[in-house]
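J.: Please see the structure below; I have some questions.
Every number in this text was worked out from the coordinates using simple rules, so none of it is lab data. Predicted, not measured: the structure shown is a model, and the values here were computed from it. All Cβ positions, even for glycine, are placed from backbone atoms using ideal geometry, and neighbour counts span all protein chains on display.
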Amino acid sequence: MKFNKMAAFAACGALVASLGLFGCSGGQSSEGEQPAADAASYELINDGKLTIATSPDFPPFENLEGDEYVGFDIDLGKAIAEEMGLEAEFTTIQFDGIVPAIQAGGQADVGISGITVDPERAKSVDFTDPYYIADQSVAVMKGGDVTADNAKEALNVEGMIIAVQSGTTGETFAQENFPNATIQPYGNATDCFAAMQAGQANAVCMDMAVVDQMVSDAYTDAEVVLTEATGEEYAVAVSQDNPELLAAINEAIATLQENGTIDDLTAQWLG
Ligand code: ARG
């Protein structure tokens, strides 16, 4: 397909040269411009590779099994790379460092890490079209004073320690909704649950699918007491200096949406 596009472009150029025409209609190009999403038009840190920053502490989106990256975002990153004729390579960056790293450049081409689109982040990076909608949940250890019936009030009291991941929408959500509580940030998402189990925090506030997974898999002595439909959109973060890469990834996401790949991944990891 790419070959045909290039052949058509070359043929068009030949016609322009021989007949003295000024442009070609029907192609992606207008006068003097290269085709928009041509592979050569975007910058990559390593040729042939899509280098993806992720914080693998967030099952079922990204997690480590041994030293292997697994999860919805990992499979999505691989599928996007494949659509682009590239190989996906993952690199670990703590979540609150991903947007700054993409902005600074040099460490990764994109961030895929359950990153919610928000206006503040959009000042530093570009976001692709969204691929998932998320909500917030709060979990506590079973048998305590906070229950599903009283959670809204019972969490918003002095002395209540709510563990969150640093720099996340869960942190902001907890700060806004439980102003009387102490919001305790941890660098690593899974550490929030470990802290709660160890009695260093009373609750964890985080994206719903992750809380659900942690509670059903690793922390069966915890339970969800509150869920709020924040309707957050996850998207891929791309450097603002690389608009052609943004366009190519949007094209890949659109294909993966149309051909059912994203639905399949959702069923597999979040079903
Ligand atoms: N969706 C939330 C946010 O964007 C949390 C993402 C955390 N991701 C991670 N891999 N730990 O702030």
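J.: If you go through segment 55-96 one residue at a time, how many are within 21 Å of ALA194 (Cβ to Cβ), assigned to a strand (DSSP E or B) and more than 12 Å from the ligand (Cβ to nearest atom)?
T.: Matching residues across segment 55-96 total 2.
J.: Checking the structure you have, find out if any residue of segment 129-137 is more than 16 Å from VAL211 (Cβ to Cβ), buried (at least 18 other Cβ atoms within 10 Å of the Cβ) and within 16 Å of the ligand (Cβ to nearest atom). Give the steps one after another, and end with the answer.
T.: Step one: filter segment 129-137 for residues more than 16 Å from VAL211 (Cβ to Cβ), giving 129-131.
Checking the rest, the ones that are also buried (at least 18 other Cβ atoms within 10 Å of the Cβ) come to 131.
Going one step further and asking which of them are within 16 Å of the ligand (Cβ to nearest atom), we end up with 131.
Yes, that holds for at least one residue.
J.: Working only within segment 119-128, note down all residues that are in contact with a strand residue (DSSP E or B) (Cβ under 8 Å, 6 or more places away or on another chain) and either away from the ligand (no atom under 13 Å from the Cβ) or within 30 Å of GLN197 (Cβ to Cβ) (or both).
T.: Within segment 119-128, ASP126, THR128 qualify.
J.: So which pairs qualify, if the first residue must be in segment 114-127 and outside any strand (DSSP E or B), the second must be away from the ligand (no atom under 12 Å from the Cβ), the Cβ gap must be under 6 Å, and the two must be at least 6 apart or on different chains?
T.: The qualifying pairs are SER124/GLN103; VAL125/ILE102; VAL125/GLN103.
J.: Sticking with this structure for a sec: Against the condition more than 10 Å from the chain's Cα centre (by Cα), over 19 Å from THR266 (Cβ atoms), away from the ligand (no atom under 16 Å from the Cβ) and outside any strand (DSSP E or B), how does GLY106 come out, does it pass?
T.: yes
J.: Please indicate, with yes or no, whether at least one residue in segment 172-186 is closer than 30 Å to ASP109 by Cβ and assigned to a helix (DSSP H, G or I).
T.: Yes, because at least one residue in segment 172-186 is closer than 30 Å to ASP109 by Cβ and assigned to a helix (DSSP H, G or I).
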